[in-house]
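To start, the structure under review is shown below, and the notes come after it.
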Amino acid sequence: MKGRWVLLVHGGAKEIEPHEEEDNRTGCLEALQAGTELLGRGGSAVDAVEASIRVLERLPVFNAGFGSVLNVRGEVEMCAAMMDGATLDVGAVGALMGVRHPVSAARAMLRKEPVLLAGAGAFAFARDNHVELVAPESMVAAHREDGHDTVGAVALDLNGNIAAGTSTGGLEDAAKGRMGDSPMPGCGFYADNKIGGVALSGHGEGIARLAAAAQIMGAIKQLGPEQAIEKALSQMERVGGDAGGIALDPDGRTGWWHNSPHFAVALASRDAPDGRVWLHKAEEKE
């Protein structure tokens, strides 16, 4: 349905302490605004997803970019991915250090042949493609023991193109080099103009073992975005951990669901450009 734009962003499937609620709400709305400003004037879904996630990466309340948790060595290692539903191009980076915005490194890879680069290879690619570099230690912010998880976004633009993206600092005290579902297409994200787009958050190993994004994409046409997410993520009990997801289809129908304590989600569209934000599915009915 050309002529309609939609944007969903999320700040992670996690537990949000009362004193963190406002930062999660305002952060998601700020990210939403960055993307909707582009979509509203005819910008691409890919641009909107990158712009939204860049906002989340610079806010320390989210486990992405500057807010990333530390691995077992006390380092910030980040993963990010983007997918263009028009071309099925994928760009992903894993275990990346020394980059301000890992989602922009993923964006720079979209039109390249490799799907995923990690570690030193990902850093070399970012450097050679003029992605902003920083001293790795400058990415260390104040950290909590819990309350963090992957961020993401999905968008439909006025031309009917769909994009999806993710960004994460991973797990607290993870082994060096660890990567979860976030940079793996079909696990933590996917986008296809003919089907829809999805971005997930939660226990990365469990999401990856279920190939949850692939399951959701396979069910969107039959069940719709929300029921497709619920059906796939209800299986998390098989592998342990909790999760949440956002999705949309080519007609602009949206859905989100989680079995985590909270899930910070914001949504805007051409019909409701100011957007709304929720921290739990139950809030949607309030």
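Throughout, read-outs are computed from the coordinates displayed, never taken from laboratory work. Not measured: the values here are computed from a predicted model. Cβ: placed from backbone, ideal geometry, glycine included. Neighbour counts: every protein chain shown.
What to note about this one:
- In region 155-163 there is no residue that is in contact with a Lys or Arg (Cβ under 6 Å, 6 or more places away or on another chain) and either under 16 Å from Gly94 (Cα atoms) or of a type in the set (Lys, Arg) (or both).
- Candidates Met97, Met184, Met109, filtered to the one that is in contact with a strand residue (DSSP E or B) (Cβ under 8 Å, 6 or more places away or on another chain), more than 28 Å from Leu38 (Cα to Cα) and buried (at least 18 other Cβ atoms within 10 Å of the Cβ): Met97
- Leu8 vs. criteria within 29 Å of Gly241 (Cα to Cα) and either in a strand (DSSP E or B) or among the aromatic types (Phe, Trp, Tyr) (or both): yes
- Taking strands (runs of 3 or more DSSP E) as the structural unit, those lying wholly within region 217-275 and holding at least 3 residues that are out of contact with any Asp or Glu (no Cβ under 7 Å at 6 or more places or on another chain) and under 27 Å from Leu39 (Cα atoms) correspond to 243-248, 262-269.
- Within region 24-43, tally of residues that are of a type in the set (Ser, Thr, Tyr) and either within 15 Å of Ala163 (Cβ to Cβ) or part of a loop (DSSP other than H, G, I, E, B) (or both): 1
- Filter result for Leu248 (touching a residue at least 40 places away in the same chain (Cβ under 8 Å) and either touching a helix residue (DSSP H, G or I) at 6+ places or on another chain (Cβ under 7 Å) or among the β-branched types (Val, Ile, Thr) (or both)): yes
- Residue count for region 77-114 satisfying the condition of being within 17 Å of the chain's Cα centre (by Cα) and β-branched (Val, Ile, Thr): 3.
- Test: residue in region 122-132 that is touching an Asp or Glu at 6+ places or on another chain (Cβ under 7 Å) and within 24 Å of Gly35 (Cα to Cα): no
- Conditions (1) touching a Ser or Thr at 6+ places or on another chain (Cβ under 7 Å); (2) surrounded by fewer than 22 Cβ atoms within 10 Å (Cβ to Cβ); number of the one not met by Gly3: (1)
- Hits in region 86-99 (condition: of a type outside the set (Val, Ile, Thr) and in contact with a helix residue (DSSP H, G or I) (Cβ under 7 Å, 6 or more places away or on another chain)): Gly91, Ala92, Gly94, Ala95, Leu96, Met97, Gly98
- Given (1) over 15 Å from the mean Cα position of the chain (by Cα); (2) in a strand (DSSP E or B); (3) not β-branched (Val, Ile, Thr), number of the condition Ser201 does not satisfy: (1)
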